[in-house]
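The values are calculated or read from the model by the stated rules, or taken from the named source; none is laboratory data. Keep in mind that this is a model prediction, so the values were computed, not measured. All Cβ positions, even for glycine, are placed from backbone atoms using ideal geometry, and neighbour counts span all protein chains on display.
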């Protein structure tokens, strides 16, 4: 599963489908393919690796057609291979592309084998195309056959389907995995992501769960889950083909801060069935690797390192999994010792961070059997080097100071906590709670974003400041570290982060009226101790800025400013509390007049040691 593009038009759709696949590359994939119908025949091209490989194949041996489907696949059932790539075909009559997971594929496969169907792949998708073909054997009603077939599927799917017997109809289905219809002039398209179709249309119909659409060049009929013909509204997208542009935002960084609710939704999409995490999302052999893991080592740099620090707290506290974390640039120079059966987890936005890649290679030399990378760029070096991969799906992040890549890294790390916790001490009740909290996360962040104007006013206090101190405890100490990093990256203010309990061991010497102290204060078990640390600052004349849970009461104090954060569950609170710190650093940088998106001396992807 990964990306779907399809179309029916009066022109050749092949170039449109190919461009659509390119625009879906960020989602992560291991193979790409395309099928068109021409003169009642299916013509298919598939290639392992990048879309450019498929493009080269099409240039060497062109195909064309007015109707077609295309796909970028990330392996879940079956290893990455040309045979497992989509589209899949049954007896040269029906072809399908699929996002999602079919839970009862083994049962269907057994039944289909008994009926004489041959399988050419290891995927769960192939049972779908056989099921549709089988239904078409007893009816000439294409849409009716699809309805009959999908009724037997259990799980999640978005489907694009073609049949040589019905060369003027593209059928699209959605259940648990998103699918949109792009509306053109005398043409229609389908895609798993609006971005894929922006070069050809900005008008979209968003299919609802259970919808089945029969699409012709000039007609569209949508059936809902109860088989009623329905009308879905056409919405005009505000995005353009230049989706990576700033649009209405002054800077890319602000745009990407505001994209976080959607980015997190994308990170979660398709990775749960019936509210239960599907471990195959990490890779087709992930369950076996997790079964044999006794400890976790996280390797990362910069912002990704901070995400790993939060994950260490989560893994040990929630799942009771032994976990260590190393700054990747230090790991290979200190002659480390790896515990047996350690899963090495690398985290990188670009997947090309030289220090992290080198650290992974060193870990393999030291005997690490398995590795997982959490990354935002498909086909990057870390992706190719790792056994398992979980793409963050943050989309293009242009600003050097990472925002949505960081929060989506935290979300994917929580998925790892759930998967590993099943094998250690994570109860079913806690797993269900974490899952529910993750689904609620986009809405929580939307509420925090409404505080933007208040934070902008707050930022004015930093206009003449040269230093700042960030404090946090527990899982929020790494969030304080990330807040300090953001401020120094883009505003050039010297900022440090400390565990609040360490104040009395040195940093209190720095406290004065010119040193703002930013404190992250969620309502958790460490709150009372944190309040004592804040009193230490206040008693010495320090200026406190406190991001505090809205349910907590506070006493007026001339040198304390409080910004109330919407109530959030403790487990996911680090993800929520990082957002106001991002906004604070952004507005301070704007006030300082620095180059927000391209701060001096920094690069987005650090590909040198």
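Filter segment 151-162 for residues that are crowded, with 22+ Cβ neighbours inside 10 Å and over 24 Å from the mean Cα position of the chain (by Cα); which is modelled with the lowest pLDDT? Talk me through it step by step, then tell me what you get.
Taking segment 151-162 first, the residues crowded, with 22+ Cβ neighbours inside 10 Å are 153, 156-162.
Subset that is over 24 Å from the mean Cα position of the chain (by Cα): 153, 161-162.
Details: 153: 93, 161: 98, 162: 98.
Filtering first and then ranking leaves 153.
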- When residues of segment 383-405 are limited to those that are modelled with pLDDT under 90 and not in a loop (DSSP other than H, G, I, E, B), the one nearest to residue 25 (Cα to Cα): 383
- Note on the structure: Taking first residues from segment 374-393 that are surrounded by fewer than 24 Cβ atoms within 10 Å (Cβ to Cβ) and second residues anywhere that are part of a loop (DSSP other than H, G, I, E, B) and at pLDDT 90 or above, the pairs with Cβ under 6 Å that are 6 or more apart or on different chains are 388/283
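Residues to consider are 161, 128; find the one that is assigned to a strand (DSSP E or B), in contact with a strand residue (DSSP E or B) (Cβ under 8 Å, 6 or more places away or on another chain) and closer than 21 Å to residue 34 by Cβ.
Numbers: 128 fails: assigned to a strand (DSSP E or B).
161 is the lone residue from the list that is assigned to a strand (DSSP E or B), in contact with a strand residue (DSSP E or B) (Cβ under 8 Å, 6 or more places away or on another chain) and closer than 21 Å to residue 34 by Cβ.
Yes or no, residue by residue, for (1) touching a helix residue (DSSP H, G or I) at 6+ places or on another chain (Cβ under 8 Å); (2) without any contact (Cβ under 8 Å) to a residue 40 or more places away in the chain:
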position	(1), (2)
166	yes, yes
170	no, no
179	no, no
205	no, yes
229	no, yes
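If we scan segment 308-319, do we find a residue that is farther than 30 Å from residue 435 by Cβ and touching a strand residue (DSSP E or B) at 6+ places or on another chain (Cβ under 8 Å)? Break it down into steps so the answer makes sense when it comes.
To start, the set of residues in segment 308-319 that are farther than 30 Å from residue 435 by Cβ comprises none.
Checked against the condition, which is being farther than 30 Å from residue 435 by Cβ and touching a strand residue (DSSP E or B) at 6+ places or on another chain (Cβ under 8 Å), segment 308-319 yields no hits at all.
When the residues of segment 318-347 are filtered to those that are in a helix (DSSP H, G or I) and more than 23 Å from the chain's Cα centre (by Cα), which remaining residue is surrounded by the most Cβ atoms within 10 Å (Cβ to Cβ)?
From segment 318-347, those in a helix (DSSP H, G or I) are 318-319, 328-331; that's our starting set.
Next, from what is left, pick out any that are more than 23 Å from the chain's Cα centre (by Cα): 329-331.
Values: 329: 20, 330: 13, 331: 23.
If we take residues in segment 318-347 being in a helix (DSSP H, G or I) and more than 23 Å from the chain's Cα centre (by Cα), then 331 is surrounded by the most Cβ atoms within 10 Å (Cβ to Cβ).
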- Quick check: anything in segment 58-72 buried (at least 19 other Cβ atoms within 10 Å of the Cβ) and more than 23 Å from residue 215 (Cα to Cα)? no
- Quick one: residue 289 ticks every box in (1) surrounded by fewer than 17 Cβ atoms within 10 Å (Cβ to Cβ); (2) closer than 30 Å to residue 98 by Cα; (3) in contact with a strand residue (DSSP E or B) (Cβ under 7 Å, 6 or more places away or on another chain) except a single one, so which number is it? (1)
- Is segment 437-445 home to any residue that is at pLDDT 90 or above and either touching a strand residue (DSSP E or B) at 6+ places or on another chain (Cβ under 7 Å) or under 19 Å from residue 302 (Cα atoms) (or both)? no
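For residue 358, state whether it is more than 24 Å from residue 574 (Cβ to Cβ) and assigned to a helix (DSSP H, G or I).
Working: more than 24 Å from residue 574 (Cβ to Cβ): yes; assigned to a helix (DSSP H, G or I): yes.
Considered against the rule, which asks whether it is more than 24 Å from residue 574 (Cβ to Cβ) and assigned to a helix (DSSP H, G or I), residue 358 comes out as yes.
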- Note on the structure: Picking from 483, 474, the residue that is over 21 Å from the mean Cα position of the chain (by Cα), assigned by the TED database to the domain that holds residue 543, modelled with pLDDT of 95 or more and within 23 Å of residue 570 (Cβ to Cβ) would be 483
- Task: Restricting attention to segment 180-199, report how many residues are at pLDDT below 95 and in contact with a strand residue (DSSP E or B) (Cβ under 7 Å, 6 or more places away or on another chain).
- Result: 7
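Within segment 364-371, does at least one residue satisfy the condition of being assigned by the TED database to the domain that holds residue 497 and assigned to a strand (DSSP E or B)?
Yes, segment 364-371 has at least one match.
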- Query: If we scan segment 545-555, do we find a residue that is at pLDDT below 70, out of contact with any strand residue (DSSP E or B) (no Cβ under 7 Å at 6 or more places or on another chain) and at negative phi?
  - Reply: yes
- Unmet criterion (only one of (1) in a helix (DSSP H, G or I); (2) touching a strand residue (DSSP E or B) at 6+ places or on another chain (Cβ under 9 Å); (3) closer than 23 Å to residue 489 by Cβ) for residue 377: (1)
